[in-house]
Amino acid sequence: MTQVLRTLTQSAFLLVAELALGTSLYAQETWPAGSAVKVIVPFSAGGGSDVLTRQLSERLQSKLGGNWIVENRTGAGGNIGMEAIRTAAPDGSTIGSATIGTLTINQFLFSKLPYDPVADFVYVSKVWENCNVFVVPPDNPSKNITEFLDWAKKRPKGVSYGSAGVGTTPHLAGELFRLRTGIDAVHVPFRGAAQSMPALMAGDTDFAIDNIASYTPLIKTGKVKALAVTCPERWPTMVDVPTMAEAGVEDFIVTAWGAFVLPKGAAPALVNKLSSAIAEIARDPAVQDKYLQIGALLRPTTPRQTELFAEQERAKWKEAVRMSGAKLE
């Protein structure tokens, strides 16, 4: 009996030890164990990239553990934030929320970048896609794009449009609209969406073709009016707003997107774990609906798919920057 008790005691001890070891190993699988995770957004708080990043970061914290903090590092069209991501340790403690601009436009816009969008980062996953929306101040008399063009052409000094900065997709979209329609329009760059949005609401600028995620709350509350969207089809939450093609402006499709990246040197296991977590979160219908209500569609991709997608986008936006004539030092 004593031997049996001894054996059972030893077995119980080994089981407890194994459970403790398993718990320890599981704890090491959190992201990263017991420390803060900084998610850098290269743009101002309140903009589309910021809002969408915060939604995902909250869910990644619940799923992977750790304390996830979103930090806005603004300036230079996103370059300051991307430089901060580039120089961070590749241990998972810093994640970058990159965009169409920082990964596929800025290299053609700036004479010199403090980072290489291809070589300095490990691509994890595309996260969201959205389109731009053509918006005007609430007191603008136009009810559609045709009326806006008639109104704009009668303005002695032309019209103005705002954006979060030179070379951003709202700027390039505004230039493309000016070229396609022949109106006299002047670009007014702001530091970020937190400045450009109030300017439009106040009527300091006449229109914007900006991120639908940024402007959805303002459209819903009547603080701006939406006249058209720049996606190929009508946006699911704004079915009464026509596409640019339906509004009479052909060949005008402008879509934006965001992707998560890590500093160069991040371990493949780390990259794949984060990519898989994003994909799992994106499969949740409740999360999909939340993103849609904000103004975006969840579109996760594998690391390799993300690389190839960014490569294709660079070819398109290189030509758009050339057409706009935009250049920055």
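Within segment 183-200, does at least one residue satisfy the condition of being farther than 17 Å from Thr74 by Cα, of a type in the set (Asp, Glu) and crowded, with 17+ Cβ neighbours inside 10 Å?
no
Given the structure, is Phe177 under 22 Å from the mean Cα position of the chain (by Cα) and surrounded by 20 or more Cβ atoms within 10 Å (Cβ to Cβ)?
Criteria not met by Phe177.
Tell me which of these Phe252 doesn't satisfy, since it passes every other one: (1) touching a helix residue (DSSP H, G or I) at 6+ places or on another chain (Cβ under 9 Å); (2) farther than 20 Å from Tyr115 by Cβ; (3) not in a loop (DSSP other than H, G, I, E, B).
(3)
For segment 282-303, which residues satisfy the criterion of being in a helix (DSSP H, G or I) and either in contact with a Pro (Cβ under 9 Å, 6 or more places away or on another chain) or touching a residue at least 24 places away in the same chain (Cβ under 8 Å) (or both)?
Ala282, Val287, Lys290, Tyr291, Leu292, Gln293, Ile294, Pro303
Going through segment 274-301 one residue at a time, which ones are touching a helix residue (DSSP H, G or I) at 6+ places or on another chain (Cβ under 6 Å), farther than 24 Å from Ile212 by Cα and not aliphatic (A, V, I, L, M)?
Of everything in segment 274-301, just one residue is touching a helix residue (DSSP H, G or I) at 6+ places or on another chain (Cβ under 6 Å), farther than 24 Å from Ile212 by Cα and not aliphatic (A, V, I, L, M), namely Ser275.
For segment 123-141, indicate whether the set of residues that are more than 19 Å from Glu329 (Cα to Cα) and without any contact (Cβ under 8 Å) to a residue 24 or more places away in the chain is non-empty.
Yes.
Out of segment 231-270, which residues are modelled with pLDDT of 95 or more, among the β-branched types (Val, Ile, Thr) and within 19 Å of the chain's Cα centre (by Cα)?
Val261
Can you go through Ala279, Ala315, Ala310 and tell me which one is crowded, with 19+ Cβ neighbours inside 10 Å, in a helix (DSSP H, G or I) and at negative phi?
None of the other options fit; the residue is Ala310.
Which number in (1) surrounded by fewer than 24 Cβ atoms within 10 Å (Cβ to Cβ); (2) touching a residue at least 40 places away in the same chain (Cβ under 8 Å); (3) among the aromatic types (Phe, Trp, Tyr) marks the one condition that Trp151 misses?
Trp151 satisfies every listed condition except (2).
Can you work out which of the residues in segment 201-214 that are of a type outside the set (S, T, N, Q) and crowded, with 24+ Cβ neighbours inside 10 Å is nearest to Val241 (Cα to Cα)?
By that ranking, first place goes to Ile212.
For a quick check of your reading: which helices (runs of 4 or more DSSP H) sit entirely within segment 56-118 and have at least 1 residues that are free of Cβ contacts under 8 Å to residues at least 60 places away in the same chain and touching a Gly at 6+ places or on another chain (Cβ under 9 Å)?
Correct list: 79-86.
Against the definition (touching an Asp or Glu at 6+ places or on another chain (Cβ under 8 Å), surrounded by fewer than 21 Cβ atoms within 10 Å (Cβ to Cβ) and at pLDDT 95 or above), how does Val135 come out, yes or no?
No.
So Ser275 ticks every box in (1) out of contact with any Pro (no Cβ under 9 Å at 6 or more places or on another chain); (2) more than 19 Å from Glu175 (Cβ to Cβ) but one. Which box is left unticked?
(1)
Tell me, which residue of segment 61-79 that is β-branched (Val, Ile, Thr) and crowded, with 17+ Cβ neighbours inside 10 Å is modelled with the lowest pLDDT?
Across segment 61-79, the extreme among qualifying residues is Thr74.
Condition check ((1) surrounded by fewer than 21 Cβ atoms within 10 Å (Cβ to Cβ); (2) over 20 Å from Ile183 (Cα atoms); (3) touching a helix residue (DSSP H, G or I) at 6+ places or on another chain (Cβ under 7 Å)) across all residues:
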| position | (1), (2), (3) |
| --- | --- |
| Arg59 | yes, yes, yes |
| Ala89 | yes, yes, no |
| Lys112 | yes, yes, no |
| Trp128 | no, yes, yes |
| Ser142 | yes, no, yes |
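The values are calculated or read from the model by the stated rules, or taken from the named source; none is laboratory data. Being a predicted model, the structure only gives us computed values, none of them experimental. All Cβ positions, even for glycine, are placed from backbone atoms using ideal geometry, and neighbour counts span all protein chains on display.
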